[in-house]
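Asker: Shown below is the structure under consideration.
Bear in mind that the values in this text are calculations on the coordinates, not laboratory data. Since the model is a prediction, treat every value here as computed from it, not as a measurement. Cβ: placed from backbone, ideal geometry, glycine included. Neighbour counts: every protein chain shown.
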Amino acid sequence: MRRWRHHLHRIPETAFTEHRTSAYVAGVLTGLGYGVTTGIGGTGLVGSLTRGASGRAVALRAELDALRIEEHSGVEYTSTHPGAMHACGHDGHMAMLLGAAARLAEEGGFDGTVRVLFQPAEEPGRGAQAMIDDGLLDRFPVDSVYAIHNIPGFRAGQLLTRTGPIMASEDDFVIRVVGRGGHASAPHLVIDPLVVAAEIIVALQTVVARSISPTDTAVLSCTDVVTDGARNAIPTHVTISGDTRSFDPAAQAVLERRVRQISAGVAAAHGATVDVQYTHEFTPTVNDPGCVATAERAASTALGGEQVDAHADPIMASEDFGVLASHVPGCLVLLGNGAEPGAGGVPLHSHDYVFNDAILENGVDFYVELVRDVLG
Ligand SMILES: [Zn+2]
Ligand SMILES: [Zn+2]
């Protein structure tokens, strides 16, 4: 597994360009005796292995893609692709899933079909839908789907999950305010879009505070402001970018409606015009209660009960797994990558992040026990 992971780590490929990665994974799975279908939703692939005749099927998912980050982790198997890095540990997830695939092929001990899914483009939240649009769930039907994501900041090998929402939705917005620029000394002759944008940014802070129920969870962040102004010239254009997170489609709808209303209303009050682009990037990841119970049981057997927390707090980051889990009952589990910096504790998406090889075996033990439980 270390050899697989370190190879994959050297050749990180970003969303929908995972050609070498996909070919490598397909080669390993074929060697293990899996029936492999490639080219699903672009670079995605599925490996299937059947034992017995129960007709039941379970899917396990890993991600193929890396991030646009220049690596500074200092590992000796560092990225050979400039500007790309496996900074989210997807190389570790792939190695773990291949390890589980190998043990299941060798040892069996289940009655049904195991399908290992390797999806492209997890990071932009596009790959799961691309595979589904390509017939994934019709061509390779399954009764449930599971995935592991490593999580720095928790002790190595600790497994965390929860029933219901575990990771948030993400929507992006771009608000373009158009005024009329001019000389900085003559504000009465312009429509200053910067003042309008400032007012919009402040007013957006009332959305979560005043429009979302206090018992729901949501975040709205403005993260970037770009203008065409100069030190002594009032701009004509201001672009505000940002994103929102929530766990509930109803809250998601409120966030979008209020962003549009506030932007339009504030701009109109000042005689400026505004254009709002609001796009849905990630669905919330909602774990099925039955799948969580199964995962908790398998994890307790495989890792020991003291290593398992099935009532973990949700996370406001987002996961493309949410799309799969909205079609098929599913459960995402988080596997501690280590608590200390230098031993797996560096946060995901950092240029010095390192996946902790010591947890590969924990992931495999969990997956193998899970399959034997689901397809017992
Ligand atoms: Zn990531
Ligand atoms: Zn990730």
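Asker: With a 10 Å cut-off between alpha carbons and a GNM built on the chain, which of ARG126, ARG260, ARG139 moves the most?
Answerer: Top of the fluctuation ranking is ARG139.
Asker: Further question on the same structure: I'd like the trypsin sites (Lys or Arg not before Pro) in segment 41-71 restricted to DSSP loop residues with at most 14 other Cβ atoms within 10 Å, sorted by number.
Answerer: Taking segment 41-71 and a limit of 14 other Cβ atoms within 10 Å, the loop trypsin sites (Lys or Arg not before Pro) found are ARG68.
Asker: Multiplying the sequence separation of ARG139 and ASP216 by 0.36 nm and subtracting their Cα-Cα distance, what value in nm do you get?
Answerer: 24.0 nm
Asker: Cut-off 10 angstrom, C-alpha nodes, Gaussian network model of the chain. Which of ASP133, ASP228, ASP171 fluctuates the most?
Answerer: ASP228
Asker: Here's something else I'd like to know. Evaluated at 4 °C with a viscosity of 1.567 mPa s, what Stokes-Einstein diffusion coefficient in µm²/s does the chain have when Rh comes from the Kirkwood expression over alpha-carbon pairs?
Answerer: Taking Rh from Cα pairs, D becomes 58 µm²/s.
Asker: Using only the Cα atoms of segment 242-320, what do you get for the radius of gyration and for Dmax, in Å?
Answerer: 20.0, 65
Asker: Among ASN232, PRO214, LEU204, whose Cα lies farthest out toward the positive end of the dipole of segment 198-248, if unit charges sit on the beta carbon of Lys, Arg (+1) and Asp, Glu (-1)?
Answerer: Checked the options; the winner is ASN232.
Asker: Express the relative contact order of segment 169-282 as a whole percentage, based on alpha carbon pairs under 8 Å and six or more residues apart in sequence.
Answerer: The value is 44 percent.
Asker: OK, next. Can you tell me, using C-alpha contacts under 8 Å and at least 6 residues apart, the relative contact order of the chain as a whole percent? Intermediate values should be presented prior to the final figure.
Answerer: Details: 911 pairs, mean separation 90.8, N = 376.
Here the relative contact order equals 24 percent.
Asker: Quick one: LEU194, LEU360, fewest Cβ neighbours within 10 Å first, how do they rank?
Answerer: LEU194, LEU360
Asker: Set the Förster radius R0 to 35 Å, insert the Cβ-Cβ distance between ASP111 and TYR77 as r into 1/(1 + (r/R0)^6), and round the FRET efficiency to 0.05. Intermediate results must be reported in sequence, preceding the final value.
Answerer: Working: r = 39 Å, r/R0 = 1.10.
FRET efficiency, ASP111 to TYR77: 0.35.
Asker: Another question about this same structure. Using only C-alpha positions, report the orientation-averaged shadow area of the convex hull of segment 169-282, nm², one decimal.
Answerer: 6.7 nm²
Asker: If you average the C-alpha positions of segment 166-239 and of segment 75-117 separately, how far apart do those two centres end up, in angstrom?
Answerer: 43 Å
Asker: Given springs between every Cα pair under 10 Å in a Gaussian network model of the chain, which of VAL333, VAL219, VAL46 has the largest fluctuation?
Answerer: VAL219
Asker: Now for a different question. If you wrap segment 220-376's Cα atoms in a convex hull and average its projection over all directions, what's the area in nm²? The partial results should precede the final answer.
Answerer: On the way: hull surface 54.4 nm².
Hull-based average projected area comes out at 13.6 nm².
Asker: I've got another one for you. Which cysteines in the chain lack any other cysteine whose Cβ sits under 4.7 Å from their own Cβ?
Answerer: Cysteines lacking a close Cβ partner in the chain: CYS88, CYS222.
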